[in-house]
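First up is the structure itself, then whatever we jot down about it.
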Amino acid sequence: VSVDTTARGVDRSAAEVSRAPRHVAITGASSGMGGALAKLYAAPGRTLSLAGRNAERLAAVAEACRSRGATVDTAAVEVTDARLMDDWLERRDDSLPIDMVFANAGIGGAGVMSGPRGESGDVARHVFMVNTIGVVNAVTPLLPRMIERRRGHLVLMGSIAGAIGLPHSPAYSASKAAVRMYGDGIRRMVRHHGVRVTNVLPGFVDTPMGESLEMHRPFLWTAEQAAEKIARDVARGAAQCIFPWPLRVSTALQAFVPVPIADLVLSLAYRWRR
Ligand SMILES: NC(=O)c1ccc[n+]([C@@H]2O[C@H](COP(=O)([O-])OP(=O)(O)OC[C@H]3O[C@@H](n4cnc5c(N)ncnc54)[C@H](OP(=O)(O)O)[C@@H]3O)[C@@H](O)[C@H]2O)c1
């Protein structure tokens with residue numbers, strides 16, 4: 001995907017902001033899809049504000065982005081800490097208005113899979129904190145500013161797992177379902193304010209999180225493929241970015257499957273997994 005970096009003016013349309021953001025903020029930029037998005041958006045004339053926790057990996061991503069000509073600022077921010085997130089995003093927005101935020105940081109993979117006795121309460125609560133509250137913390141500091149400016153694009157990282165109640169990790173599925181509903185609601189709330197919202201629902205992507213799942217991952221995409229698809233859909237202002245298409249179709253069809261049948265199929269899939 002080629003990301004246009006020419007739009008510099010303040011009075012840019014929503015379409016220009018989505019196609020050619022001047023300032024992009026990304027949570028979870030130290031790894032996987034966040035890192036791939038950072039490198040994809042890195043270009044001369046563009047500022048990137050990158051957050052993660054692992055300083056070494058974040059610095060490596062930042063260096064790669066600088067070598068592509070971007071101006072980069074990094075911050076070690078825990079997404080569950082609302083105060084830290086407010087401070088980081090407001091400080092970065094004061095330095096140059098943020099056009100686009102990727103609320104991408106999340107946890108998943110082997111660490112959140114349910115065991116023979118179910119999910120531990122601590123793990124389930126932590127999954128909601130990072131995957132759902134972490135997204136809320138990335139959106140709420142910027143939303144009033146974007147509404148006032150009448151421009152901005154929020155990109156929320158959900159998952160196809162959020163469209164199905166997976167027995168493998170009910171809390172993960174629910175945390176991502178909440179992100180999807182949150183994004184849908186905000187998009188409808190800000191529709192007439194020039195602010196765009198894209199919900200991203202990936203299938204399996206080959207990142208450290210994905211790799212930890214010791215199971216067959218059908219239609220696996222690389223992080224770079226995923227980042228390109230996301231950037232393309234974001235550039236055209238799509239409400240939803242769901243990939244790969246076979247999982248998109250099966251997720252859509254699932255809505256027509258009677259619950260007892262879905263329960264039977266998914267419970268058997270879960271049983272045979274172990
Ligand atoms: N991989 C898949 O198959 C897949 C599929 C669907 C959706 N997703 C979603 O895509 C997003 C990115 O995942 P990924 O696959 O790229 O995984 P990843 O390579 O493990 O990257 C996760 C990123 O989130 C950051 N992060 C995690 N917990 C954090 C916290 N408490 N505070 C701040 N940052 C935190 C990590 O930072 P540090 O490493 O610096 O701690 C890392 O940069 C997640 O929301 C995930 O749920 C992934």
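Quick note: the coordinates plus some simple rules give every number you see, no bench work behind them. These figures come from a predicted structure and were not determined experimentally. Here the Cβ is made from the backbone with ideal geometry for all residues, glycine too, and neighbour counts use every protein chain on show.
Summary of computed values
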{"read-out": "Net dipole in debye of region 26-105 [+1 Lys, Arg Cβ; -1 Asp, Glu Cβ; about Cα centre; nearest 20]", "value": "400 debye"}
{"read-out": "Estimated inter-spin distance, Tyr270 and Arg236, nm [label 7 Å along Cα→Cβ]", "value": "3.7 nm"}
{"read-out": "Packing-based ranking, highest mean first, of 98-104, 116-122, 182-188, 163-169 given that Cβ atoms within 10 Å are counted", "value": "98-104, 163-169, 182-188, 116-122"}
{"read-out": "Crossing angle, helix 245-254 versus the chain [Cα axis fit, 0-90 degrees, rounded to tens]", "value": "60 degrees"}
{"read-out": "Stokes-Einstein translational diffusion, the chain - Kirkwood Rh over all Cα pairs, 0.890 mPa s, 25 °C, in µm²/s", "value": "130 µm²/s"}
{"read-out": "Degrees between helix 259-273 axis and first principal axis of the chain (Cα, 0 to 90, nearest 10)", "value": "90 degrees"}
{"read-out": "Value of Rg/Rh across region 56-196 [Cα atoms, Kirkwood radius]", "value": "1.01"}
{"read-out": "Part-to-part distance (alpha-carbon centres) for region 157-204 and region 64-113, which is given in Å", "value": "19 Å"}
{"read-out": "The chain: calculated mean residue ellipticity at 222 nm from DSSP helix runs of at least 4, using -39500 (n - 2.57)", "value": "-13500 deg cm²/dmol"}
{"read-out": "Distance between modelled label sites at Arg145 and Ala43, nm, 7 Å Cα→Cβ extension", "value": "2.3 nm"}
{"read-out": "Between 0 and 90°, nearest 10: helix 223-235 axis offset from the chain longest Cα axis", "value": "60 degrees"}
{"read-out": "Two-site FRET efficiency, Asp87 against Met189, from Cβ-Cβ distance with R₀ of 22 Å, rounded to 0.05", "value": "0.35"}
{"read-out": "Percent of beta bridges antiparallel (DSSP, the chain, rounded to nearest 5)", "value": "5 percent"}
{"read-out": "FRET efficiency, Leu220 to Val136 (Cβ-Cβ, R0 30 Å, nearest 0.05)", "value": "0.50"}
